[in-house]
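Read the structure below first, then the notes.
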Amino acid sequence: MSKYRIQYILPVLVLGILFSQSCKRGENEGIITYNIEFNDQEREERPVIDMLPNTMKYYFKDKSAVSEISFMGMFRTAYISNVHEKTNSVLFYFMPKGYSSTTKFREKTLGFDPMPDIILTETKETKDILEFKAYKVHVSFNDTTKEEYDVWYTKDFDVLNPNWHTPYKELDGVLLDYRIKMKGISMHLTIDKFSDAPVDSAKFRVPESYNPVCPEEMDEIFDRHLNMF
């Protein structure tokens, strides 16, 4: 092999190795499917829970992300973080009407129910969940009568502020196993599967057919629909 060919091939090989090391599967784009487990006692007290889907989709691409719960075109709620437009949006659709509330980054917006007395304690424990390295965080509360539990998150996905709409804002990683509430409805979400299939950029835009409202009005819309039964 000539000296010229060696000088040409070596840089290509080095770049290939660096690229393979720096780009993990699904780091920049993908779809996570979560299973949702509802609280049995709440289910007895609130019949609307039986109408809610038991899965959630999490789409991410180029640092933007969407959390979406939907059911057969009849119901949809979504939280969109659009990095390019620097906006956070909340969507709610209950056939036949859709509503949206959009604010700029760092402006007040609507998310899942807050947990004002939450205490997040990072641990040194890790494990693999599917093919991703997960980190354990212990969750406790100033109110010691509340149940303590653990959540798991990963740093394997490149998403900006992935938890802006949850009580876990300070965790810089995508949650894989965690608990949240939406209008008093408890949900335990656990990752079920992951796909690195391409994500349509339209997912990160608010549909033009949705009626824009302020965060306060959106909060009232959630209340009205999730307490109608």
### Query
For residues in region 94-129 being loosely packed, with under 13 Cβ neighbours inside 10 Å and of a type in the set (A, V, I, L, M, F, W, C), which is nearest to the chain's Cα centre (by Cα)?
Ile119
### Query
Checking Val12 against (1) loosely packed, with under 14 Cβ neighbours inside 10 Å; (2) modelled with pLDDT of 95 or more; (3) not polar (S, T, N, Q), which test does it fail?
(2)
### Message
For the structure I just gave you, tell me whether Glu29 is within 19 Å of Lys181 (Cα to Cα) and touching a residue at least 24 places away in the same chain (Cβ under 8 Å).
### Response
no
## Note on the structure
Scanning region 112-132 residue by residue, the ones that are outside any strand (DSSP E or B) and farther than 17 Å from Ile180 by Cβ total 2
### Query
Does Val83 fit the bill of being aliphatic (A, V, I, L, M) and within 15 Å of Val206 (Cα to Cα)?
yes
### Task
Report yes if some residue within region 133-154 is without any contact (Cβ under 8 Å) to a residue 24 or more places away in the chain, in a loop (DSSP other than H, G, I, E, B), touching a Leu at 6+ places or on another chain (Cβ under 9 Å) and surrounded by 12 or more Cβ atoms within 10 Å (Cβ to Cβ); otherwise report no.
no
### Task
Could you list, in sequence order, all residues of region 72-98 that are assigned to a loop (DSSP other than H, G, I, E, B) and closer than 17 Å to Leu160 by Cβ?
Val83, His84, Glu85, Lys86
### Summary
Of (1) part of a loop (DSSP other than H, G, I, E, B); (2) under 15 Å from the mean Cα position of the chain (by Cα); (3) surrounded by 16 or more Cβ atoms within 10 Å (Cβ to Cβ), Val206 fails just (2)
### Query
Restricted to region 30-45, and to residues that are within 17 Å of His188 (Cα to Cα) and not in a helix (DSSP H, G or I), which residue is farthest from the chain's Cα centre (by Cα)?
Asn39
### Query
What about Ile80, is it crowded, with 16+ Cβ neighbours inside 10 Å, touching a strand residue (DSSP E or B) at 6+ places or on another chain (Cβ under 7 Å), over 28 Å from Gly173 (Cα atoms) and not acidic (Asp, Glu)?
no
### Message
Can you say whether Ser101 is within 21 Å of Arg76 (Cβ to Cβ), in contact with a Cys (Cβ under 7 Å, 6 or more places away or on another chain) and either touching a residue at least 24 places away in the same chain (Cβ under 8 Å) or in a strand (DSSP E or B) (or both), as far as the supplied structure shows?
### Response
yes
### Task
Scan region 201-229 and report the pairs whose first residue is of a type in the set (D, E, K, R) and whose second residue is at pLDDT 95 or above and not in a helix (DSSP H, G or I), with Cβ atoms within less than 7 Å and a gap of 6+ or a chain change.
Lys203/Tyr59; Lys203/Val66
### Message
Can you find a residue that is part of a loop (DSSP other than H, G, I, E, B), surrounded by 14 or more Cβ atoms within 10 Å (Cβ to Cβ), modelled with pLDDT of 95 or more and of a type in the set (Asp, Glu) anywhere in region 61-71?
### Response
yes
### Message
Glu216 - would you say it is part of a loop (DSSP other than H, G, I, E, B), loosely packed, with under 13 Cβ neighbours inside 10 Å and out of contact with any strand residue (DSSP E or B) (no Cβ under 6 Å at 6 or more places or on another chain)?
### Response
no
### Summary
Only unsatisfied item for Phe75, checking (1) buried (at least 16 other Cβ atoms within 10 Å of the Cβ); (2) modelled with pLDDT under 95; (3) out of contact with any helix residue (DSSP H, G or I) (no Cβ under 8 Å at 6 or more places or on another chain); (4) not basic (Lys, Arg), is (3)
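The values are calculated or read from the model by the stated rules, or taken from the named source; none is laboratory data. Quantities reported herein were computed from a predicted structural model and do not represent experimental measurements. Heads up, the Cβs are rebuilt from the backbone with ideal geometry, glycines too, and the neighbour counts pull from every protein chain shown.
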